[in-house]
Every structure is written in C-alpha cells, then in structure tokens.
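Read the structure below first, then the notes.
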Amino acid sequence: MQDKSRHLLTPAVAADAARADRTVKRDVVYVYEAPVRLWHWINAAVILVLGLTGYFVASVPPTMTGEASDNFLFGYMRFAHFSAGYVLTVGFLLRIYWAFMGNTHARQIFYVPLWRKSFWAEVLNQIRWYAFLEVKPKNHAGHNPLARLAMFFMFTPTISFMIVTGFALYAQGAGNDSWQYKLFGWVFSIWPNSQDVHTWHHLGLWVIATFALVHIYAAIREDIMSRQSIVSSMISGEREFRD
C-alpha cells in the first residue's frame, strides 16, 4: 500500500509554501534625476546652516569675556552664514537651469497649472487625505498637487526673496562699489532703512523654518501611510508604489 502520509502538508509546511508563493506588486517609476537629488540635500544642509547662524546674527549672543582678539565666535557665525548664502544662491541658479534641462518633474516647483479644474480637485482630495477624510490617497509620480502648491507659493518665492535681501544686506559691508550693491542695492529704494530689510529677511527665516517642518512631517507621514516611497525617492530617484 502506498504511504499517503508523505503527501500530507503540515500547517508549518503549508505556511512556508504560502510565503514562498506570495508576490507583492511593486511598481517603480524613475522620478528625480541626480542633479535634483543632489541639490535637494545640499540645499537642506545649507538652509540648516543659514537658519541657525541667521538666528544668532539677528539675536546676538551675550558678550564673551576676555580680549576681543581671543574671541571670534560671532565672526565665524557671519562667515558661515555668508558662505552658506553663496552656496544657496549658486545652487538655486543651477536648479533653475535644470528645470529647463531636466525631466518634467524637475519643473514642478516652478510651474503649477492653476487654471485647471482637475488640479484643484486633486488639491482638495489631498487636503482630505491629510485630514484623514479619505481612505486611500491617489498615487502621484512626482510631488502631489498640494505639495506643488506649497513649493510654488511658499518655498520658491521665499528663497528668491532671501537671496535678494541677503545680498542687499551683504552689500552694505562690501561697499557701494561692489557688484553686490550694483545688483541688489535697489532694495534700499524700497526700504531705505536697512533695519526694515533685516526685519523682513528675518521673517523669511521663519517662513522657511515653518515650511521645512511641515515638509518633513508630510514626507515621513506619506512614506508610512500612503504605501509609496517618499523619503527614499529623494535618495534613489525612484518612486515605488507598494500596492
């Protein structure tokens, strides 16, 4: 008689077979090119340096004891702030260049189809998703419509404003004959009092800080809840849809 016990599957063996046969569909789309990813992380580091040093430039720390020649802390802060400002400016100009040379996703922070009803419908859907009123979000290869709106109105113009006002303030120390004053000295025709420029420039810091906090929260939240890669996409360049 043939031994049928060899053909019987134990629960453990059946579970192992099920795990071996299980397949998960993972669609991957290449979204962010290398220049965009490089700019993103350098820009993040530079903004962090600018934010920290800019805060202390506006809110000067207490006077340090000892000879002035032995203490150059505030000088180092200013040097780091100015150096980071130059890196931010060069990076932003190269980012504008790549918006023309790169793929369609490279232009998203500079271009928003405000005239399309479908765009606003997707913005509303994304707001509902963030408010936990939608069961499942829509998949977007690049930035979702609400993120594009925030980047276009909150990040891009604020960075431009910070560059212009920052170089205008720098021009006061560089002198009226400097190229900085020739390019950005017109700012003082709008605000003749340089303290006003300082105040607006400092206000821009808090706009960027607020945007960064919301941006980081939304990216991590979407990576966990939306079943699509967000943070890792800015490392590998690939957007992965896990469902």
Calculate one ³J(HN,Hα) per residue across segment 187-199 by plugging θ = phi - 60° into the Karplus curve 6.51 cos²θ - 1.76 cosθ + 1.60, and present them in order as whole Hz with x for glycine and proline.
4, 6, 6, 8, 10, x, 7, 5, 5, 5, 5, 4, 5
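Segment 90-138: which trypsin sites (Lys or Arg not before Pro) are DSSP loop and have at most 15 other beta-carbon atoms within 10 angstrom? Working shown, then result.
Working: sites: 95, 107, 116, 117, 128, 138; in loops: 116, 138.
Filter output for segment 90-138: 116, 138.
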What is the gain in length, in nm to one decimal, between residue 100 and residue 63 on full extension, counting 0.36 nm per residue of separation less the C-alpha to C-alpha distance?
8.5 nm
For the chain: lysine pairs with Cα atoms under 28 Å, gap of 8 or more or different chains, count?
4
May I ask you to list the chymotrypsin sites (Phe, Trp or Tyr not before Pro) in segment 101-130 that are in a DSSP loop and have at most 13 other Cβ atoms within 10 Å of their Cβ?
111, 115
At 0.692 mPa s and 37 °C, Stokes diffusion of segment 29-241 via Kirkwood alpha-carbon radius, µm² per second
170
Would you mind finding the longest exposed-site-free stretch of the chain, with exposed GluC sites (Glu not before Pro) meaning DSSP loop and at most 14 other Cβ atoms within 10 Å?
135-243
Modelling each spin label as a point 7 Å along the Cα-to-Cβ direction, I'd like the residue 193/residue 221 distance in nm, to one decimal.
3.9
So if each residue of separation counts as 0.36 nm, and I subtract the Cα-Cα distance between residue 42 and residue 178, what length gain in nm does that give?
46.2 nm
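As a check on your grasp of the helix formula, calculate [θ] at 222 nm for the chain: sum -39500 (n - 2.57) over DSSP H runs of n ≥ 4, divide by the residue count, round to the nearest 500.
Working: 10 runs with 150 residues, N = 243.
So the helix-based figure for the chain works out to -20000 deg cm²/dmol.
Each value in this text was obtained by applying a stated rule to the coordinates, not by laboratory testing. Here the structure is a predicted model, which is why all the values come from computation and not from measurement. Note that we place each Cβ from the backbone using ideal geometry, even for glycine, and neighbour counts take in every protein chain shown.
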